[in-house]
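A short worksheet on the structure shown next.
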Amino acid sequence: MRKIFRELVSIEEAKRRLFERLKIEQEVEEVPLIEAYGRILAEDCYSNIDVPPFDRATMDGYAVKAEDTFGAEEDNPVALKVIGKVEAGEIPSVEVENGCAVEISTGAVIPKGANAVVMVEHTSRDRDVVYIYKPVPPGANVMSAGSDIMAGELLVRRGIKLTAREIGVLASAGFKSIRVVKKPVVAIISTGNELVNPGEKLDFGKIYDVNTYTISSGVIENGGIPIFLGIAKDNAEEIKSKIAEGLKIADIVILSGGTSAGVGDMVYRILEEFGEVIVHGIAVKPGKPTVITIANGKPIFGLPGYPTSALMIFEIFVAPLIRKMAGLPEEHRKIIKAKIPFRVHSAMGRREFLPVNLVETKEGFVAYPFTEYSGAISTLAEADGFVEISENKVFLDEGEVVEVKLFGEVRPADLMIIGSHCVGIDVLLEILQRRKPMQAKVINVGSTGGILAINRGEADVAGTHLLDEKTGEYNIPYLLKYGLNGKAVLVKGYVREQGFIVAKGNPKGIKGFEDLLREDVTFINRNPGSGTRILLDMHLRRIAEDKGIDFEEIKRRIKGYDVEAKSHTAVAVAVLMGKADVGLGIRTVAERYGLDFIPVRPEEFDFVMRKDRLEKESVKLFLDVLRSEEFRKELERRLPGIRITKRTGEIIEI
């Protein structure tokens, strides 16, 4: 029986239930000082000795009575009799009297009777006589006993996260070991029949386990010790066994996957057997199907399977708990204000944490949202931070100012590329980085999105390949349509061979666009606004006119027209895996995956650049690489189906 979530609760209510029912105690353990880096000190540490424990020389030179050097000058030095020598670590066997000196090394004990050290640079030696050319005051070049640390002095206060500096102070006072807060142990279990460990063979229908690695890293980052108990299949006994093992050896148990309705019923029932389920469903996006259970005083978290959802719930609930148990302070993320570039609809009734990519402009930051992110692992690596959207907000409007909570430090990009992505850009940036390392950021929002970003001043460069159906011309009609004349230029890029991508041997005998209408053919489409989608619809409209059929009817006849891929690579993979018989894309990805390719027409992939950025160093370097022989050769060698033309790098005023 399919089960709906018991009760959707707010984040605040879920946290209240969790922390009210848990008795959080910080356990203490003693560790060798050499292993204490990064640990939280569990008690105040006081010194039992003076540091240094004796008066010591801070320079190589001669230990003297300071008053014996008064009056010494370059042309009238003071002569003193050398009566001995003291090396570091030795106990002096002589006493300094008036008119005498003792040769001394840095760190050595100051002999009795001496109260200063003359630097060796200000002396000369003739057998047992030393000549002093510069006077010294009492205490010169001498560190007195206890002048650094006095016995009984507080060295390091409890609760401090130990770094090299604190450990050095403790070592100077003779601490061999110290008491620190014990790191909480976190058992991690990934569930799902589809999961395999990275490095193993990936059969069709399987995916690599991501959550174990992201959650383990999060545990370490927040002061815990992760223990991976392995992947559990969607089998009640196997899941029970791993949870039981986790409760024996760990302070916290985390499961990921199998928490939604359906399979989630099984996980919910299993967790009910172990203890009290205090939360089943949270009014949050992503992460709604979260389960929290208390078993024998220990929390068990059932996180969603999608990596971004799992990591977001981990950050909201698990990370603060681990930090509290580890003695670490609550983490406060840095916040900056940014504008939303286009309207984004939110999850009404649920708190939403929307990942964003930041772009810096003259007017401030712009936050580009990831609109599909729960199941997109790439979001984790690309996002700069997230926007928290309240439960009662329907949408974020274009231009609305929001607060972005950062995942880390944001370094402004030297080169911002927004628009349609192409593997040719990857090659170009590789060469650019070899010539001069810089921070280049690429945001893929399609050709139209790139043109709009140029218009708003958010991008330095935008890749575009938009075909105008009326004129058959690429790109320029769209730049005029969006009012970029006088504001931007078009830089000619390269040509990509575009056509049908089919399985090896073309088993369905695909020859042209009319074959897409066949009952036995399944198609994989591209996203609206892409140049490839425009090319497809242009040909389908011609077929509709020739047959006297409505264009919408033509679209309905194509099996898979509404199934969209966001990249040429995704089209090729869909064909490779048998999800589709054919898709429209570029030759490069077809050959990369060993598929057949049926040419349709060459496509002009160009670049739009703001006129006021053409003198920017990173943009000039981008243009240099685009026009270079090195780039041409790299494309020929690595990307068949993409070629430079005589016009590559040409700047066209709009």
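Please treat every number below as a calculation from the coordinates, not as lab data. Worth saying up front: this structure is predicted, and the values here are computed from it rather than measured. Methodologically, a virtual Cβ is constructed for each residue, glycine included, from the backbone with ideal geometry; neighbour enumeration extends over all protein chains shown.
Kindly put D596, D128, D581 in sequence by how many other C-beta atoms sit within 10 Å of each C-beta, fewest to most.
On the way: D596 18, D128 10, D581 25.
Sorted ascending by nearby Cβ count, the order is D128, D596, D581.
Counting only DSSP beta bridges with both residues in region 335-412, tell me the antiparallel percent, nearest 5.
On the way: 21 of 23 bridges.
Among the beta bridges of region 335-412, antiparallel pairing accounts for roughly 90 percent.
Angle, helix 263-274 long axis vs. longest principal axis of the chain, Cα atoms, 0 to 90°, nearest 10?
40
Counting other C-beta atoms within 10 Å, which of I418, I598 has the fewest, and how do the rest follow? Don't skip to the answer; put the middle values down first.
On the way: I418 30, I598 17.
With the sparsest Cβ surroundings first, the list reads I598, I418.
So what are the ³J(HN,Hα) numbers for region 115-127, from phi and the Karplus equation (6.51, -1.76, 1.60; θ = phi - 60°), rounded to whole Hz, Gly and Pro as x?
With coefficients 6.51, -1.76 and 1.60, one gets 9, 7, 10, 8, 4, 4, 5, 9, 9, 9, 10, 9, 6 Hz.
Could you name the lysines whose alpha carbon sits less than 26 Å from that of K620, not counting residues in the same chain fewer than 8 places away?
List returned: K362, K436, K441, K487, K492, K611, K633, K646.
Taking +1 at the Cβ of each Lys and Arg and -1 at the Cβ of each Asp and Glu, which of G257, I300, M348 sits farthest along the dipole of region 218-376 towards its positive end, judged by Cα position relative to the Cα centre?
The one lying farthest along the dipole's positive direction is M348.
Based on DSSP, what percent of beta bridges with both residues in the chain are antiparallel, to the nearest 5?
Values: 89 of 126 bridges.
Counting only bridges with both partners in the chain, antiparallel ones make up about 70 percent.
Would you work out the charge dipole size for region 335-412 about its Cα centre, treating the Cβ of every Lys and Arg as +1 and the Cβ of every Asp and Glu as -1, and quote it to the nearest 20 debye?
Numbers: 9 positive and 13 negative charges, 16 e Å.
Result for region 335-412 is approximately 80 debye, rounded to the nearest 20.
With only Lys, Arg, Asp and Glu charged, each at its Cβ (+1 for the first two, -1 for the last two), find how big the charge dipole of the chain is about the Cα centre; round to the nearest 20 debye.
Details: 89 positive and 97 negative charges, 469 e Å.
Roughly 2260 debye for the chain.
Plugging the Kirkwood radius over Cα pairs into Stokes-Einstein for region 56-143, at a temperature of 4 °C and a viscosity of 1.567 mPa s, what D comes out in µm²/s? Let's see the in-between values first.
Values: Rh = 12.2 Å.
So the translational diffusion coefficient is about 106 µm²/s.
Treat the chain as a sphere of radius equal to its Kirkwood radius over Cα pairs and apply Stokes-Einstein at 10 °C in a medium of 1.306 mPa s; give the translational diffusion coefficient in µm²/s, rounded to a whole number.
Details: Rh = 30.8 Å.
Using the Kirkwood radius from Cα pairs, D works out to 52 µm²/s.
With a 10 Å Cβ neighbour count serving as the proxy for reagent exposure, in which order, fewest first, do V120, V573 appear? Mind showing how you got there, number by number?
Values: V120 16, V573 19.
Lowest count first: V120, V573.
Report, in degrees rounded to the nearest 10, the 0 to 90 angle that the Cα long axis of helix 423-435 makes with the longest principal axis of the chain.
The answer is roughly 30 degrees.
For the chain, what's the relative contact order in percent, using C-alpha pairs closer than 8 Å and at least 6 residues apart? Numbers along the way, then the final one.
On the way: 1437 pairs, mean separation 70.0, N = 654.
It rounds to 11 percent for the chain.
Out of the DSSP beta bridges found with both residues in region 1-135, what percent are antiparallel (nearest 5)? List each step's numbers first, then the result.
Working: 17 of 21 bridges.
That works out to approximately 80 percent antiparallel.
Excluding residues fewer than 8 places away in the same chain, name every one of the aspartates and glutamates whose C-alpha is closer than 18 Å to that of K393.
Leaving aside aspartates and glutamates fewer than 8 places away in the same chain, those within reach of K393 are E12, E352, E403.
At each listed q (0.13, 0.14 Å⁻¹), what is the log10 of I(q)/I(0) that the Debye formula gives for region 155-271 modelled as equal alpha-carbon point scatterers?
-0.63, -0.69
Relative to the longest principal axis of the chain, what angle (0 to 90°, nearest 10) does the C-alpha long axis of helix 446-456 take?
Long axis of 446-456 versus the principal axis of the chain: about 60 degrees.
Show which aspartates and glutamates lie in cross-link reach of K206 when reach means a straight Cα distance below 12 angstrom and same-chain residues fewer than eight apart are skipped.
Candidates past the 8-residue exclusion: E194.
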